[in-house]
Each structure stands twice: as structure tokens, then as C-alpha cells.
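Report on the following structure.
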Amino acid sequence: MNARVAPIAWALCGLLFAATALSFLDRQVLSVLAPRLMEDLGFDNTVYSRVVSAFVLSYTLMFALGGWMIDRLGTVRGLAIAVGIWSLASGAHALAAGALGLGIARFFLGLGEGACFPAATKGACEWFPAEKRAFAIGLANGGSAFGAVLAPPMTAWLYGLVDWRGVFVVTAVVGLIWVAAWLAAGRFAPAPAAAAPCPPPWRAWGGLLRQPQVWRILAARALFDPVFYFYMFWIPKYLSSERGFSLEAIGDLYWIPFLVLGISNVGSGHVSDLLVRAGWTPRRARRTLLTAAAWLTPASCLVAWTPSAGWAIALMSLLTFAHGFWICNFLASVSDDFPAGSIATIVGLSGTVGGSASFLTSLAIGPVADRWSFTPVFIVCAALYPLALAVLMSGRRVRAVPSGA
């Protein structure tokens, strides 16, 4: 079976890749600038944890509402609104005079970004057949890693040209250019298959939450999302305070784990699809790769003890490599088990649960780092993917029903 994919579908998938790249680029700019920005605005790790949590709070709330919005408005229109909001919020960082202003800008950044990944997953599912879907999902969501790769060197370079406020202005302009390109290409998007009308969010969520399978998805995400949030927002601060990295050194090396993530994200989708085309059921292919990914992650705790900064980066890269295989197949399994009309809603709900857990852990990481070090955080992170795997594998498979049922 080798279903043909329209060229415009690949073009739109490329723009989804760019959108998820912008999403991570815009959120990572703050973490890369954190050591210098905290010095300029005069706050410590505990205050920084509150600024980070403002983003996580709004991102968490909007993930569920954003997923429902994408199912309701459609991928093209819904994502254009989302990227427009977060691009303006990114520019608003340049106006911050202290932690409060920065926190407000972060809140609105998260409000816009909450719809991004539900939209990327839904678009890949709508425009690609089942045997090419995991690769499309990996490609669309894989831009996030390349945005994170670009953020450290680009931010360090721009900082040298326009200071930290100018960096946020540049990212806002790039986002608004993307919106114009997306709306132009979206006029030619393939029409999705007919689906049942999207019910109000409380009915959509209620129908889904009656299914044990959904609860396993939500519980697993509550376990593994805090690990990735930690890697997104706290690693530059760790490299600065415990490894002695300058801003320039962070720009030189922090991109490496995210390059590894991007490659594994796209590559894992290709491997998963190859297994399906070889005769494996989608469920078996996704679960095999999820298992392999989960059992790679415990070695990452050695970051805290390795004497070499190079080995620390390598062990972080091992975790991001595993995460790429994990998240691609986690999302693909949702698309395999649920109808297209509820995919963005489910992904959004899971993001809200994962973000809620990450919000709480972000508040805790700052005080832990100030009182002790980042070592306890790395130890806890090493155990969470195997726990998430155990949750996903528990119970028998329950047949998915439409979200409005």
C-alpha cells in the first residue's frame, strides 16, 4: 500500500515544521538569556521559576482549550490565530521592566503556543494516510527540536547586535511573517474527511474522560512532560551556575541535545512507518519504540556526576534522543486509536495535564537548586519515562469512541 500524498500536503507539513520550530525558538530565547537577563533585572532562581511558571500556567490552560479550538475552527484558521497571538506576546518581552512585566509577557506567550502541537498533530493526521502518518507527525512536531537548536547560537549572536530586548522583537517579526505564509498556503489545503460537528468543550472532554485509555494517556504525560520542561527552561541556568558556562559557551553547546532530538523525532516516525509497512500492527510498532525509548532515559541522571562538560552534554543528548522516539510514537498512538475529529482535543487535554505537572515542578526546581543543587532534579527525571511506560502499558485496550459520545 503506497497512497499518494498531494504536494500541498508536504508544503503544509513543512510550514507546520516551521511553526513548531518557532514555538520552541520563542520560548527558548528567555532560557538562553536567563543568566544575563536575571542580572540586568535583578532576580534569583526562585523569582525566575515564577516567571517560567507564568508561561507554563497559560500554556497548560490553553493546551486543552487550544486543542478543542483547532478541532472547532480547523487547522489552518486556528493555528494562524495562535501564532499571531504568541508572536505579539514575544515582542512584548522587550517592554518588560522587571519580573512582573516579564511574567505577563510569558503568560500571553503560553496562551498562544498552547494550540500549536494539537494543530501540528491534527494537520499531519488529516493530510496523510495511515502508513505515512507517523513520519508526518514526527516531521510536523520535529520542528520544535530544530527551533531549540537554533535558539542558543541565534540568541547569543543577536544579543551581541541588539541586546536582549531586540532579540524578542526579531522573533515577533519572524512569527508574523510565518502567519502570512501559512494563510496563503492554507487556501489550497486538502479538504479533510467529513467529521461529526465538534461539540462544546465540556461535552468533548466529558466523552473522552469516560474512557480508561484516555486516563492512561493523561497520567503518562503528567509523568514525562516535567522532564522535558526542565530541559527546555533550566539547562542553561544549570550550565551557567554549576558548570561555569558563559552565555557564549551556552550558545555554542546547548543546541546539541536539541539537534539530536530533531533527528530522532523525524527518524522515529520513519522507523515506525517502516514497521507498519512491513506488516506490524501500528499498536505493536508504536509500543515497541516507546519501550526502547523509555529504557534509555535512566542513564541521563549521570549528568550530575560526570566531571566533563562534554559528557554532560552527551548524556543530555541521550535523553533528548529517547524523547524524540517517545513523543512521536506517543502522538502516533493517539492518532491510531481515536477518530480524527477528536485528535487535537485529546492531544490538548494531555498537554494540559502534563503542563499542570510541569507548572508545579517548575515552582519547586528553583528553591531546590538554590538550597542544594540540580542533582536531585536529574535523579528524579531519570525515573519518570519508565514510570510513564508502565502506566501506558497497564490495563487492557479499550475501544475508542468519538469524543462527543
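The values are calculated or read from the model by the stated rules, or taken from the named source; none is laboratory data. Predicted, not measured: the structure shown is a model, and the values here were computed from it. Glycine also receives a Cβ, built like all others from the backbone with ideal geometry; neighbour counts cover every protein chain displayed.
Sub-9 Å Cβ pairs linking a first residue in the range 236-250 that is free of Cβ contacts under 8 Å to residues at least 40 places away in the same chain to a second residue that is aliphatic (A, V, I, L, M), at least 6 apart or interchain, are Gly244/Ala309; Ala249/Leu239; Ala249/Ala309, ordered by first then second residue. Screening Leu88 against (1) closer than 27 Å to Ser53 by Cβ; (2) touching a Gly at 6+ places or on another chain (Cβ under 6 Å); (3) of a type in the set (A, V, I, L, M); (4) touching a residue at least 60 places away in the same chain (Cβ under 8 Å) leaves a single unmet condition, (2). Leu331 meets each of the listed conditions (1) buried (at least 17 other Cβ atoms within 10 Å of the Cβ); (2) under 25 Å from Phe245 (Cα atoms); (3) among the aliphatic types (A, V, I, L, M) apart from (2). Of the candidates Ala369, Ala309, the single residue that is touching a residue at least 12 places away in the same chain (Cβ under 8 Å), of a type outside the set (Ser, Thr, Tyr) and touching an Asp or Glu at 6+ places or on another chain (Cβ under 9 Å) is Ala369.
Here is a yes/no grid of residues against (1) touching a Pro at 6+ places or on another chain (Cβ under 9 Å); (2) modelled with pLDDT of 85 or more; (3) within 29 Å of Ala54 (Cα to Cα); (4) part of a helix (DSSP H, G or I):
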| position | (1), (2), (3), (4) |
| --- | --- |
| Thr345 | yes, no, yes, yes |
| Ser358 | yes, no, yes, yes |
| Gly366 | no, no, yes, yes |
| Ser373 | no, no, yes, no |
| Val377 | no, yes, yes, yes |
| Ala390 | no, yes, no, yes |
| Val401 | yes, no, no, no |
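Contact map, the range 27-55: first residue under 14 Å from Pro236 (Cβ atoms) and at pLDDT below 80, second residue in a helix (DSSP H, G or I) and basic (Lys, Arg), Cβ cut-off under 7 Å, separation 6 or more or different chains; pairs are Ala34/Lys237; Pro35/Lys237; Asn45/Lys237.
So, of the residues in the range 273-293 that are of a type in the set (Ser, Thr, Tyr) and modelled with pLDDT of 85 or more, which turns out to be farthest from the chain's Cα centre (by Cα)? Going through the qualifying residues, I end up with Thr288. Condition check for Pro307 on (1) part of a loop (DSSP other than H, G, I, E, B); (2) buried (at least 24 other Cβ atoms within 10 Å of the Cβ): one failure, at (2). The condition of being surrounded by 17 or more Cβ atoms within 10 Å (Cβ to Cβ), over 30 Å from Ala189 (Cβ atoms) and among the small types (Gly, Ala, Ser) holds for only one of Ala97, Ala34, Ala115, that being Ala34. In summary, Gln213 fulfils each of the numbered conditions (1) modelled with pLDDT of 75 or more; (2) buried (at least 22 other Cβ atoms within 10 Å of the Cβ) with the single exception of condition (2). Taken over the range 312-329, residues that are touching a residue at least 12 places away in the same chain (Cβ under 8 Å), among the small types (Gly, Ala, Ser) and within 15 Å of Phe378 (Cβ to Cβ) amount to 3.
Here the range 60-94 is the region considered, the condition is being within 25 Å of Ser358 (Cα to Cα) and among the polar types (S, T, N, Q), and the residue that is surrounded by the most Cβ atoms within 10 Å (Cβ to Cβ) is Ser90. Checking the stated criteria, Ser268 turns out to be touching a residue at least 24 places away in the same chain (Cβ under 8 Å), assigned to a helix (DSSP H, G or I), under 24 Å from Phe338 (Cα atoms) and polar (S, T, N, Q).
Pairs linking a residue in the range 178-192 that is within 11 Å of Ala11 (Cα to Cα) and in contact (Cβ under 8 Å) with a residue 12 or more places away in the chain to a residue that is surrounded by 12 or more Cβ atoms within 10 Å (Cβ to Cβ) and basic (Lys, Arg), with Cβ atoms under 9 Å and 6 or more positions apart or on different chains, are Gly186/Arg77.
Within the option set Val169, Val149, Val173, being in contact with a Gly (Cβ under 9 Å, 6 or more places away or on another chain) and at pLDDT below 80 holds for one residue only, Val149.
Can you find even one residue in the range 227-249 that is acidic (Asp, Glu), farther than 12 Å from Val32 by Cβ and assigned to a helix (DSSP H, G or I)? No; the residues of the range 227-249 include none that is acidic (Asp, Glu), farther than 12 Å from Val32 by Cβ and assigned to a helix (DSSP H, G or I).
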